[in-house]
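The values are calculated or read from the model by the stated rules, or taken from the named source; none is laboratory data. These numbers come from a predicted model, not from an experiment. Don't worry about glycine lacking a Cβ; one is built from the backbone with ideal geometry, like all the others, and counts go over all protein chains shown.
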Amino acid sequence: MSGFGRLLSTYTPRLFYFLSAFSPLFAILGIEAFSGKNYVVASIYVFVFLFSIAAVLFYISDLKEDDPIIITPEVVKSRDSDVYQFLVAYLIPFIGLDTSKTWETVAFLLLLGLVGLAYIRTETPYINPILMIAGYHFYEIEIGRDQEPRSIRTCGLISKEEDIRPGRSMFTQRRSQFVYVHQNRKNHNTPIGS
C-alpha cells in the first residue's frame, strides 16, 4: 500500500468518528442558520450532519464475516460515561453560537479544528454520542498480556453488548490501529474455547 493509501486508511475512520461525534452540534447550527435565513451555511451544516452519521454507521456496520480477528481482553473498562463529559465540554457551549457573526464562526471553526486534530491523533472513538444512540457501548481494553510484557496494548472496543468481561475471547474486526468492533455472530454466541 502506498504512503497516501496508508494515510487515508488510517485517518478516514478517525475523521468519520470525529465528524459523527459532533454531528448533533452541526444539526443545531444548521437549524439556527436556517432560522436566520442563511441557507447556504444551513445547507453545509445539514450536509455534514447527514454525511457524518451515514459514513460512521456504514463504516462500523460493514463487518466482514470471513476475516475476523479473535481477541481476548485481559482488562476491560467501560467508557460509556465519557460521552456525557464530551457533551458538556464540547457540544453544549456552542449551542448558542450565532452563525451570523463571522468572528464567532471563525472561533468555533478554529476550536473545532483543534479538537478534531486531538480527537483524530489520539483515536478516541468511544466518545461518540451517535454510536451510543445507535446502541453501541464503548470499552477500553488491554490485550496481549499472555505474550511478552512489551506486547500489552490498550485499545478501544465498540460493541452492542453491555457486558464485556475480561478473559472472554470474541470475534472482532480491526477498524484502525487501536480500535476493534465486536462482531455479534449468530452462529457463535458462546465464548470461543468453551
When the range 15-24 is checked residue by residue, the ones that are under 11 Å from the mean Cα position of the chain (by Cα) and surrounded by fewer than 19 Cβ atoms within 10 Å (Cβ to Cβ) are LEU15
Can you spot a residue in the range 28-49 that is among the polar types (S, T, N, Q), at pLDDT 80 or above and within 29 Å of ASP163 (Cα to Cα)? no
Residues of the range 25-81 classified as closer than 21 Å to PHE138 by Cβ, more than 19 Å from the chain's Cα centre (by Cα) and of a type in the set (Asp, Glu), total: 1
